[in-house]
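Down below is the structure, laid out as structure tokens.
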Amino acid sequence: MCRSLVGFNSRSLSFCPHITSMPEVTVSVRRSSPAAPSPRFETHHLAMAEKASVLDALFALQRGPCPDLAFRFSCRVGMCGSCAMVVNGRERLTCSTLVRTVGNNLRIEPLRNLPVVRDLAVDLKPFFAAYQRSLPHFVPRPELDQNDFYRIPHDSPEWKALDHQPQCIDCGSCYSACTLVTVNPDYLGPMALHRALNLTVDPRDNARTARLAAVAGETGAFRCHTLGNCRDVCPRGISPTHSIERLKRLATLDMFRRIFGF
């Protein structure tokens, strides 16, 4: 049985003769702490297995030269979103990103647009505060039967109007990549607006008007410049850009309905 799939020196791979090793990997990781708040980069060299992930490289650093390195992770299968970081300038889930797909020189940083707690761990309070401002909770219509399912036939206009993109895992990658959040921290952000669309087009929800008003304000959908950074970095393949464009159309139509009464 193999003692280790990843290691911080070539000897650790010798216990697994059937595992192919990569050329030596150079990892530059950003470090900071309350005691030393000025960020700095530390560079280390690691021997990694061929199928090692970026998160495995962080574990190797933690077991070796950086035992106090701080970062978040949980599921390790790309479902919880906890391990999102900026790797070589792009937001990625480190658990599902193989080192070999990025290259032998890694530069790992914390998510952007969020306060850094320590090293690669960020404070997500601003991210979820913006999320709450978009009214992300489901408000059922009062006439719905609480003891039965609400059926939506697949050939109905209601079904076609729903947002059929994958489920968001709240990793924060889109928020980090959004340049509008960088220049305007009060902007709701891609994830909050994507969630707002999911509920706005849901025929069972009763907060459509209030939610459209919340996302059509000064810090909402109409501030988006449609650069598509959020779409490009989403590990689930979601396009918040598409959701925001739909919100713009729905909010504009709702405004004309209220003005002209149709």
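Starting from 0.36 nm per residue, how many nanometres of slack lie between residue 105 and residue 125 once their C-alpha separation is accounted for?
On the way: separation 20, 0.36 × 20 = 7.20 nm, distance 3.15 nm.
That pair, residue 105 and residue 125, stretches by 4.0 nm at full extension.
Extending each Cα 7 Å along its Cβ direction at residue 222 and residue 45, get the distance between those two points in nm, one decimal.
Computed distance between label sites residue 222 and residue 45 equals 5.8 nm.
For residue 117, tell me the accessible area in Å² from a 1.4 Å probe, rounded to the nearest 10.
80 Å²
Just the number please: accessible area per residue for the range 130-262, 1.4 Å probe, all protein chains included, in Å². The partial results should precede the final answer.
Working: 7230 Å² over 133 residues.
Counting only protein heavy atoms, the per-residue value for the range 130-262 is 54 Å².
Could you work out the relative contact order of the chain? I mean the mean sequence separation of Cα pairs under 8 Å and 6+ apart, divided by the number of residues, in percent.
Over the chain, the number comes to 15 percent.
If amide H atoms are built 1.01 Å from N in the plane of the peptide, which residues on other chains or at least 5 residues away come under 5 Å of the amide H of residue 84?
94
Hey, rough spin-label estimate for residue 38 and residue 236, points 7 angstrom out along Cα→Cβ, what's it come to in nanometres?
4.1 nm
At 1.4 Å probe size, with no ligands or nucleic acids counted, give the accessible surface of residue 208 in Å², nearest ten.
Accessible area, nearest 10 Å²: 80 Å².
Label point 7 Å out from residue 141 along Cα-to-Cβ: which residues of the range 196-224 have amide N under 13 Å?
Residues 201-209 fall inside that zone.
Suppose we take every Cα in the range 186-240 and form the convex hull; what volume per residue is that in Å³?
Details: hull volume 4.4 nm³, N = 55.
Normalising the Cα hull of the range 186-240 by residue number yields 79 Å³.
Using only C-alpha atoms and all pairs of different ones, pull out the Kirkwood radius for the range 162-262 in Å with one decimal.
Numbers: mean 1/r = 0.0725 Å⁻¹.
Averaging 1/r across every pair of different Cα atoms and inverting gives 13.8 Å.
Looking at the chain only, what percent of DSSP beta bridges run antiparallel? Nearest 5 please.
Numbers: 18 of 22 bridges.
Close to 80 percent.
Looking at the P(r) of the range 56-185, how many percent of alpha-carbon pairs lie beyond 16 Å?
Details: 6066 of 8385 pairs.
Result for the distance tail: 72 percent.
Normalised radius of gyration for the chain, please: alpha carbon Rg relative to 2.2 N^0.38 Å, two decimal places.
Details: Rg = 22.2 Å, N = 262, 2.2 N^0.38 = 18.3 Å.
In units of the 2.2 N^0.38 Å rule of thumb, it is 1.22.
Please list 222, 149, 127 in order of solvent-accessible area, largest first, computed with a 1.4 Å probe with all protein chains present. Could you put the intermediate results ahead of the total?
Details: 222 100, 149 170, 127 5 Å².
So, going from the largest accessible area down, we get 149, 222, 127.
Simple spin-label model, 7 Å along Cα-to-Cβ: residue 183 to residue 28 in nm?
Result: 2.7 nm between the two label points.
Express the carbon and sulfur contribution to the solvent-accessible surface of the chain as a percent, rounded to the nearest whole number, probe 1.4 angstrom.
54 percent
Compute the distance from the alpha-carbon center of the range 29-96 to that of the range 204-262, in whole Å.
After rounding, the separation between the Cα centres reads 34 Å.
The values are calculated or read from the model by the stated rules, or taken from the named source; none is laboratory data. For clarity, every value in this text was computed on a predicted model and none was experimentally measured. For neighbour counting, all protein chains shown are included, and Cβ atoms are generated from backbone atoms with ideal geometry for every residue, glycine included. Only protein heavy atoms, including side chains, enter the accessible area calculation; ligands, DNA and RNA are left aside. Shrake-Rupley method; radii C 1.70, N 1.55, O 1.52, S 1.80 Å.
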